[in-house]
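**Student:** My questions all concern the structure below.
Each value in this text was obtained by applying a stated rule to the coordinates, not by laboratory testing. Predicted model only: the values in this text are computed from it and were never measured. Ideal geometry is used to build each Cβ from the backbone, glycine not excepted, and the neighbour counts take in all protein chains shown.
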Amino acid sequence: MHVLNYYFTPFAVILIVFAVFFSEPERYVTYASFAILAASFGANYWFTKNTYRFMRWSQNIRAIMVWLNLVTSAVLFYLLGPYWAPMWLLFILAPATAAMFMKKSSVFFIASVSGASLLGVYYLKSVLLEMPFSRQLWGMASCHAMFVIFFSMFVAAMAEMILKVRDSLR
């Protein structure tokens, strides 16, 4: 879990800072994005710090963190996606987190929900902006969603392989 906090949290922060700095969204979008980021960071920090304190519920706490990260990613993508195209990469965070401690079937489910959420936000934005997506844009969005699934399954396989190697050395 801590490995993800060391690498993915800074990546998410950099992604959001770049989105705000280079695209200059409306002021309310900027404030809302940083408020959501701060709340998510605080919640993730608290959950990570207290996971071992509540050892009996650690699996549930980790699952809550995964779903919280997925919701946060969807909201941030909704807010900043029209301004900064790489925001879709936030949808990798939740399934990659799940891949570190859940079974492959659970990772696949979470990755599928994450990919579907990505497509759902794309669709919602196209409806709200009254700009229908072309087949080419749906194809690109679908590739993003499939990448989320394939990357998550790759991370799950790597985590499983590392555990097998560790266990074989005992």
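**Student:** FRET efficiency for SER105 and VAL13, Cβ-Cβ distance as r, R0 = 45 Å, nearest 0.05?
**Tutor:** Values: r = 31 Å, r/R0 = 0.69.
Efficiency for this residue pair is about 0.90.
**Student:** Something else now. Once the principal axes of the Cα atoms of region 22-141 are found, what is the range along each, listed largest first in whole angstroms?
**Tutor:** Result, largest extent first: 49, 34, 21 Å.
**Student:** Then there's this: For region 13-115, which trypsin sites (Lys or Arg not before Pro) pass both filters: DSSP loop (anything but H, G, I, E, B) and at most 15 other C-beta atoms within 10 Å? List each step's numbers first, then the result.
**Tutor:** Numbers: sites: ARG27, LYS49, ARG53, ARG56, ARG62, LYS103, LYS104; in loops: ARG53, LYS103.
Answer by residue number: ARG53, LYS103.
**Student:** Quick one: grab the alpha carbon gyration tensor of region 79-154, order the square roots of its eigenvalues as a ≥ b ≥ c, and give me rounded if a/c is under 1.5, else prolate or oblate depending on whether a/b is larger than b/c. Write out the running numbers ahead of the final one.
**Tutor:** Working: a/c = 2.52, a/b = 2.14, b/c = 1.18.
It is prolate, given that a/c is not under 1.5 and a/b is the larger ratio.
**Student:** Then there's this: Please find the FRET efficiency linking MET153 to TRP46, where r is the Cβ-Cβ separation and R0 is fixed at 30 Å, and quote it to the nearest 0.05.
**Tutor:** Details: r = 29 Å, r/R0 = 0.97.
The pair MET153/TRP46 has a calculated efficiency of 0.55.
**Student:** So, in Å, what gap is there between the alpha-carbon centers of region 124-140 and region 105-121?
**Tutor:** The two parts, judged by their Cα centres, are 19 Å apart.
**Student:** Turning to a different aspect of this structure: In straight Cα distance, which lysines are under 25 Å from LYS103, not counting same-chain residues fewer than 8 positions off?
**Tutor:** The qualifying lysines are LYS49, LYS164.
**Student:** Suppose R0 equals 30 Å; then what is the FRET efficiency for LEU128 and ARG166 from their Cβ-Cβ distance, rounded to the nearest 0.05? If you can, show how the numbers build up before the last one.
**Tutor:** On the way: r = 48 Å, r/R0 = 1.61.
Computed FRET efficiency for LEU128 and ARG166 comes out at 0.05.
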